1. For S453, indicate whether it is of a type in the set (S, T, N, Q), open to solvent by less than 70 Å² (accessible area, probe 1.4 Å), within 16 Å of ligand 2 (Cβ to nearest atom) and over 24 Å from V282 (Cα atoms).
2. Name the residue that is most open to solvent (accessible area, probe 1.4 Å), counting only residues in segment 234-269 that are in a loop (DSSP other than H, G, I, E, B) and within 16 Å of ligand 2 (Cβ to nearest atom).
3. In segment 193-233, what residues are surrounded by fewer than 24 Cβ atoms within 10 Å (Cβ to Cβ), part of a helix (DSSP H, G or I) and either hydroxyl-bearing (S, T, Y) or more than 14 Å from ligand 1 (Cβ to nearest atom) (or both)?
4. Scan (1) within 16 Å of ligand 2 (Cβ to nearest atom); (2) outside any loop (DSSP other than H, G, I, E, B); (3) crowded, with 24+ Cβ neighbours inside 10 Å for the single condition A281 breaks and write down its number.
5. How many of the residues making up segment 162-191 are near ligand 1 (Cβ under 10 Å from one of its atoms), under 12 Å from L216 (Cα atoms) and open to solvent by less than 10 Å² (accessible area, probe 1.4 Å)?
6. Can you find a residue that is assigned to a strand (DSSP E or B), modelled with pLDDT of 95 or more, among the hydrophobic types (A, V, I, L, M, F, W, C) and under 23 Å from the mean Cα position of the chain (by Cα) anywhere in segment 338-349?
7. Looking at segment 46-61, can you tell me whether even one residue there is in contact (Cβ under 8 Å) with a residue 24 or more places away in the chain, in contact with a strand residue (DSSP E or B) (Cβ under 9 Å, 6 or more places away or on another chain), open to solvent by 40 Å² or more (accessible area, probe 1.4 Å) and aliphatic (A, V, I, L, M)?
8. Residues R132, R146, R79, R84: which one is of a type in the set (K, R), crowded, with 20+ Cβ neighbours inside 10 Å and more than 14 Å from ligand 2 (Cβ to nearest atom)?
Amino acid sequence: MTNETDLKSMLKDPSLLETRAYIGGKWVDGDDGTFDVTNPARGDVVAKVANLSRAQVAGAIAQAEAAQKEWAKWTGKERAGVMRKWFDLMMENQDDLGAILTAEQGKPLAEAKGEIGYGASFIEFFGEEAKRIYGETVPGHQRDKRITVLKQPIGVAASITPWNFPNAMITRKAAPALAAGCSFVARPAAETPLSAIVMGVLAERAGIPAGVFNVLPSSSSSAVGKEFCENPAVRKLTFTGSTEVGRILLKQAADQVMKCSMELGGNAPFIVFDDADLDAAVEGAILCKFRNNGQTCVCANRIYVQAGVYDDFAARLKARVEKMKIGDGFEEGVDLGPLINPAAGEKVKEHIDDAVSKGATVILGGNGAMDGNFLPPTIVTGVTQDMQVAQDETFGPFAPLFKFTDEDEVIAMANDTIFGLASYFYAKDLSRVYKVAEALEYGIVGVNTGIISTEVAPFGGVKQSGLGREGSHHGIEDYLEMKYICMSV
Ligand SMILES: NC(=O)C1=CN([C@@H]2O[C@H](COP(=O)(O)OP(=O)(O)OC[C@H]3O[C@@H](n4cnc5c(N)ncnc54)[C@H](O)[C@@H]3O)[C@@H](O)[C@H]2O)C=CC1
Ligand SMILES: O=C(O)[C@H](O)CS(=O)(=O)O
């Protein structure tokens, strides 16, 4: 696979590889030409994608605003019907969507197809929720008063999403928005626009009305971010990415007092107590640390292991990671694909260097040169709270093992961060399980599991990991406004 034509030839339905923007139900070229999408495993250009100007983004918002007025009149059941078709089409084309995703993002093909199933599940789930947007009747405060609470769509919702989950991070936002009766403008990461554009292709085929779902590729994230924040027609901004960019967008959105959801950085602790099932803990750590090659904001960033099982856990983890196969995501049996770009590798190497310079010991991998975007996984022992990895998200294949002695100590260490997205621990003692789960200052706690992502649960963080929740019946609330009607009878 070396260029756009070759990727097309891999697809059962080559027409799914679209490179234009999808605006108001039309396929549109970019006023600012095109930008290159490269395959992170080989560095070759996969496609040249329409590069929208800020004026085109403003035009798309106007079309989304007009379309939303009609879409909001559809019944929940009608919206559910076309969303079900959209879900079905995504699943029917799962192999092709997975191949497009691997080509631009790099993750192993099996993982990419898994992401398509995961992403589609939000469309299925929220399509069903469209029928259950219930209001309330409230007993009147005076004898002649009747109070009714309505829930109405907020209007046009805009998303900015990252490259690490180019499908699911969009569906987790677009699905509740559409179910609620909002229209949606999506600006995908410039590294991975093809996975977003193909959702437009399938939305069109599913019968989602023109202008309700729009895909706006652009190489200039800041220009699009400003348009989203400054355009009065946009009433909701939803972002997944770094805390740093989240802060910028929150400041920009303040002028319009825009409703914002922020799914930001994490620094997940993964704690192994001495009563844990060690085999299960190692498997959980593998999934949690190395999914998407560590480029996941719910990935284990700090692995805390109790002193009594520390050496055993380290040896078992090393034995397991040694067997992982690194390579092009299209190769059979690959566990770890490339990192997204050289900068991602530099960040991992910085964390390794810092740990080693402060006394940590490399037991696997180490700081060899990167081969393209490939960086072998590294495990180090003897990691302490003064090392950079204790505070910063690595976002790569680096597993630092910290040692602890008791529950209170590890809870304090785990909570010593500005972040609060996901956390994990392995233990059997029931009273310990409750105590630790309650004490961890995180939006998500995985107990004896390394995978917590599902459409049925509320995903999101506390502290500087974000605002709001995505997924579950709670996930639709951010796209709804409450209005109460007070009637005198
Ligand atoms: N919560 C999560 O899932 C993610 C967390 N991160 C964290 O952020 C670090 C850096 O990764 P990046 O991809 O550079 O994240 P980022 O936060 O810079 O980018 C996320 C998205 O925001 C866009 N963006 C960047 N600056 C913007 C601006 N001023 N206005 C509007 N949009 C803007 C980007 O183009 C991308 O689409 C990672 O190493 C990781 O620690 C990154 C991606 C996803
Ligand atoms: O849904 C997930 O598993 C995650 O949201 C992907 S990320 O946001 O944590 O990177």
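1. Values: of a type in the set (S, T, N, Q): yes; open to solvent by less than 70 Å² (accessible area, probe 1.4 Å): yes; within 16 Å of ligand 2 (Cβ to nearest atom): yes; over 24 Å from V282 (Cα atoms): no.
No; evaluated as a whole, the condition is false for this residue.
2. Looking only at segment 234-269, we keep the residues that are in a loop (DSSP other than H, G, I, E, B), and these are 241-242, 255-258, 264-267.
Now drop any that are not within 16 Å of ligand 2 (Cβ to nearest atom), which leaves 241-242, 264-267.
Numbers: G241: 21, S242: 53, L264: 11, G265: 4, G266: 2, N267: 1 Å².
This residue is S242.
3. If the condition is that a residue be surrounded by fewer than 24 Cβ atoms within 10 Å (Cβ to Cβ), part of a helix (DSSP H, G or I) and either hydroxyl-bearing (S, T, Y) or more than 14 Å from ligand 1 (Cβ to nearest atom) (or both), then G200, V201, L202, E204, R205, A206, S221, S222 are the ones that fit.
4. (1)
5. 2
6. The first filter runs over segment 338-349 and keeps only residues assigned to a strand (DSSP E or B), leaving none.
Within segment 338-349, none of the residues are assigned to a strand (DSSP E or B), modelled with pLDDT of 95 or more, among the hydrophobic types (A, V, I, L, M, F, W, C) and under 23 Å from the mean Cα position of the chain (by Cα).
7. Checked segment 46-61: no residue is in contact (Cβ under 8 Å) with a residue 24 or more places away in the chain, in contact with a strand residue (DSSP E or B) (Cβ under 9 Å, 6 or more places away or on another chain), open to solvent by 40 Å² or more (accessible area, probe 1.4 Å) and aliphatic (A, V, I, L, M).
8. Working: R132 fails: crowded, with 20+ Cβ neighbours inside 10 Å; R146 fails: crowded, with 20+ Cβ neighbours inside 10 Å; R84 fails: crowded, with 20+ Cβ neighbours inside 10 Å.
Answer to the check: R79.
The values are calculated or read from the model by the stated rules, or taken from the named source; none is laboratory data. Just so you know, these numbers come straight off a predicted model, no measurement behind them. Note: ideal-geometry Cβ built from the backbone for every residue, glycine included; neighbour counts use all protein chains shown. Ligands, DNA and RNA are excluded from the accessible area calculation, which covers all protein heavy atoms including side chains. Shrake-Rupley method; radii C 1.70, N 1.55, O 1.52, S 1.80 Å.
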